[in-house]
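Scroll down for the structure; my scribbles are underneath it.
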2 protein chains.
Amino acid sequence: MAAATARQVNIAIIGAGGVGKCFLSQLEQLASRRPSPKLVLTYICTSKKALYSTDHVAIPLDTVVSTLASSTQAPLPLPKLVDFLGTSGSKTVLVDNTSSQDVADAYPLFLSRGISVVTPNKKAFSGSYKLWQDIFSAAERSGAKVYHESSVGAGLPVISTLKDLVDTGDEVTKIEGVFSGTMSFLFNSFAPTSGAGGKWSAEVKKAKELGYTEPDPRDDLNGLDVARKLTILARLAGLPVESPTAFPVQSLIPKELESVGSGDEFLEKLPAFDEQMEETKAAAEKEGKVVRFVGSIDVATKQVKVGLEKFDLSHPIAALKGSDNIISFYTKRYGSNPLIVQGAGAGGDVTAMGVTSDLLKVLSQIA
Amino acid sequence: MAAATARQVNIAIIGAGGVGKCFLSQLEQLASRRPSPKLVLTYICTSKKALYSTDHVAIPLDTVVSTLASSTQAPLPLPKLVDFLGTSGSKTVLVDNTSSQDVADAYPLFLSRGISVVTPNKKAFSGSYKLWQDIFSAAERSGAKVYHESSVGAGLPVISTLKDLVDTGDEVTKIEGVFSGTMSFLFNSFAPTSGAGGKWSAEVKKAKELGYTEPDPRDDLNGLDVARKLTILARLAGLPVESPTAFPVQSLIPKELESVGSGDEFLEKLPAFDEQMEETKAAAEKEGKVVRFVGSIDVATKQVKVGLEKFDLSHPIAALKGSDNIISFYTKRYGSNPLIVQGAGAGGDVTAMGVTSDLLKVLSQIA
């Protein structure tokens, strides 16, 4: 072994949006702090532009955002990208910072060529169960690694904790929590443990103004984002859940507003339905409880569900603040008091943190 | 590479007490579930007995506890054990399930010979700063790994979370929490958020009867166990804390009872000092708060301290239950709402779980 041969790992990145930019900044810091392995960015693209050279020359990290913005190169089609990365002669990690189903669908191809994948993209792990199986069997066969901590709870140690519980032989009996920063914010304001809280439609409007919702708030209120996260956790806990629509998911979009044209029109018409949510809140208050939007997985009965539930004021789920997530793992070893992880479950920097720490885990194994 | 050559990793274990027995059971399960790498137990000892053969023959895991109990072999002196393990020709992991300072002092020797170490033993990481440096520089040089998740908060993801935060470039500003299951139980009963709570001396007695304290409860009440955990976390956060006695640690042992002979005599005389604790509790109540025994690390001001503090009833530290630990990480990325990890921080099974998951991390890197 020649001491002079510095170990090198190539990095390819798809996506340079909110999370992508935060990741690039963390990657630059990382590369400057750690001399080994040498991290070499050889490919980066958005949906429209790309940066790479056929001889895999390193793209400077300090100027990559502006260089990419002014690039005239188009992204490589995914099968071509697999070939490009697979022929570099160096170990390679693909970082998918998109939420694209197309990129997710190509993971088995990347992995089968020995290219490891780290990503916050939920689509691959919450799509069809076949894709899930294809991903992990491709990784198993080639020895490439696949990590996706930020697909649930952003940088919070949720996936890694669940994997550790399962891999060490604990028996996970139930997982319960608030998995959406948007839903957390909405219910902590609408039905706080002290004080009256605002009108439902007003809280949704405020959340949108603060940037806590998707451009169309219905993309949060339909519960699908939470259902995707539950699908991932249920599968890791051993339940072969077929898809995020294979179990009951309560949508908070009034039927009458499902098909109105725009998010703005939806917000305009939402006040007419405040009464429904007020009743739900009042019913909980009558029992001395508050209402929260939660997901739960009962492993023994194989029941997965997403929707409104009532909680005692002293319950950690009721006491949540801001837009925090909380995830409780009930297991045989932990008994009646669950292992709880809590904190910000959304945001560019903390999501990118999960991606960066996944990258470090991959590097420790392949480099 | 011959496909027929199954990868093999040798395991050596020191300690077969409460945690040690739970670990053996998890190891047996693990070895039967995962065909690769093949885990081969080649050495195990308690302080009095040992099991090994000069040609490193595998010790059957299903009968090891009884075989060890009836063994007539004496443990190898530590330097001899290093030689024994270092000459096996296989990659080796030492699992130290003791709380022995002697074993901890030998980690640099094991690591320098390429033997990885996983352990819940706090002594190595909370002893002198020189030992800390020797351990990590020996590992750095040889490439051997050293993991110690269960040295703080048992199996809770505390060390791994802090490392991830630091390694991905987050700035940890403060760490605060309840780090002792015993102290948690005592204060949750003595000063509950609702109800009156019992007398201090009665709660200490009850905790001892339930097996929640050391044989002499003063070994919990002196705060040293918490100080050791804080030392470890502070060092991981970048503060070169010299030792667990290098910062203020409040002891809950009345001065007059420090030198009474036995734990039982201590318990007999403790009621005479209930008034002091009653006053502390009343002072907190006057402010609408409860008193808790916490540790905190302020990274910016480099202040580490252990002792009683007052908390609002709605604070997660006040709302803790049973003998749970809670650890809050305040960082630049997470802002005003910390990343929180909570759950059982003591007990054989959950402590062994941290050791087993550390072993899995080492295996993923060396095998």
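The values are calculated or read from the model by the stated rules, or taken from the named source; none is laboratory data. What you see is a predicted model; the values in this text were computed from it and never measured. Using ideal geometry, Cβ is built from the backbone for each residue, glycine included, and neighbour counts are taken over all protein chains shown. Accessible surface areas use protein heavy atoms only, side chains included; no ligands, DNA or RNA. Shrake-Rupley method; radii C 1.70, N 1.55, O 1.52, S 1.80 Å.
Some values worked out for this structure:
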quantity: Residues of the stretch A:220-265 classified as part of a helix (DSSP H, G or I), more than 19 Å from A:Ala300 (Cα to Cα) and over 14 Å from the mean Cα position of the chain (by Cα), total; calculated: 7
quantity: Single residue of A:Arg235, A:Arg218, A:Arg228 found to be open to solvent by 10 Å² or more (accessible area, probe 1.4 Å) and touching a Pro at 6+ places or on another chain (Cβ under 7 Å); calculated: A:Arg228
quantity: Residue satisfying all of: in the stretch B:70-95; in a strand (DSSP E or B) and open to solvent by 10 Å² or more (accessible area, probe 1.4 Å); farthest from B:Ala352 (Cα to Cα) among these; calculated: B:Gln73
quantity: Answer residue from the stretch B:177-189, given it is more than 12 Å from chain A (Cβ to nearest Cβ) and crowded, with 23+ Cβ neighbours inside 10 Å and is nearest to B:Gly335 (Cα to Cα) among those; calculated: B:Gly177
quantity: Single condition A:Thr98 does not satisfy, out of (1) farther than 24 Å from A:Pro240 by Cβ; (2) surrounded by fewer than 20 Cβ atoms within 10 Å (Cβ to Cβ); (3) within 15 Å of the chain's Cα centre (by Cα); calculated: (2)
quantity: Residue in the stretch B:249-270 that is at pLDDT below 95, surrounded by 20 or more Cβ atoms within 10 Å (Cβ to Cβ) and hydroxyl-bearing (Ser, Thr, Tyr) present; calculated: no
quantity: Among residues of the stretch B:133-175, those that are open to solvent by 10 Å² or more (accessible area, probe 1.4 Å), among the polar types (S, T, N, Q) and assigned to a loop (DSSP other than H, G, I, E, B), counted; calculated: 0
quantity: Test: residue in the stretch A:154-170 that is more than 16 Å from A:Leu320 (Cβ to Cβ) and more than 14 Å from every other protein chain (Cβ to nearest Cβ); calculated: no
quantity: Which listed residue, of A:Thr119, A:Thr193, is out of contact with any Lys or Arg (no Cβ under 8 Å at 6 or more places or on another chain) and within 30 Å of A:Pro271 (Cα to Cα); calculated: A:Thr193
quantity: Residue in the stretch B:119-132 that is over 18 Å from the mean Cα position of the chain (by Cα), within 14 Å of chain A (Cβ to nearest Cβ), open to solvent by 10 Å² or more (accessible area, probe 1.4 Å) and over 24 Å from B:Cys45 (Cα atoms) present; calculated: no
quantity: Which numbered condition B:Met353 fails, given (1) facing another protein chain (nearest Cβ under 10 Å); (2) more than 21 Å from B:Lys163 (Cβ to Cβ); (3) not β-branched (Val, Ile, Thr); calculated: (2)
quantity: The stretch A:307-335: number of residues that are open to solvent by 10 Å² or more (accessible area, probe 1.4 Å), more than 8 Å from chain B (Cβ to nearest Cβ) and touching a Gly at 6+ places or on another chain (Cβ under 8 Å); calculated: 3
quantity: Residues of the stretch B:105-132 that turn out to be in contact with a Pro (Cβ under 8 Å, 6 or more places away or on another chain), in a helix (DSSP H, G or I) and more than 25 Å from B:Gly181 (Cα to Cα), as a count; calculated: 3
quantity: Selected residue (only one of B:Ser296, B:Ser259 is touching a strand residue (DSSP E or B) at 6+ places or on another chain (Cβ under 8 Å), more than 14 Å from every other protein chain (Cβ to nearest Cβ) and not β-branched (Val, Ile, Thr)); calculated: B:Ser296
quantity: Residue list for the stretch A:12-55, restricted to those being under 14 Å from A:Gln73 (Cβ atoms) and either modelled with pLDDT under 95 or not hydrophobic (A, V, I, L, M, F, W, C) (or both); calculated: A:Thr42, A:Tyr43, A:Thr46, A:Ser47, A:Lys48, A:Lys49, A:Tyr52, A:Ser53, A:Thr54
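Each row is one residue, and each column tells you yes or no for (1) of a type in the set (Phe, Trp, Tyr); (2) in a loop (DSSP other than H, G, I, E, B); (3) at pLDDT 95 or above.
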| residue | (1), (2), (3) |
| --- | --- |
| A:Gly177 | no, no, yes |
| A:Met183 | no, no, yes |
| A:Thr193 | no, yes, no |
| A:Gly198 | no, yes, no |
| A:Lys205 | no, no, yes |
| A:Lys208 | no, no, no |
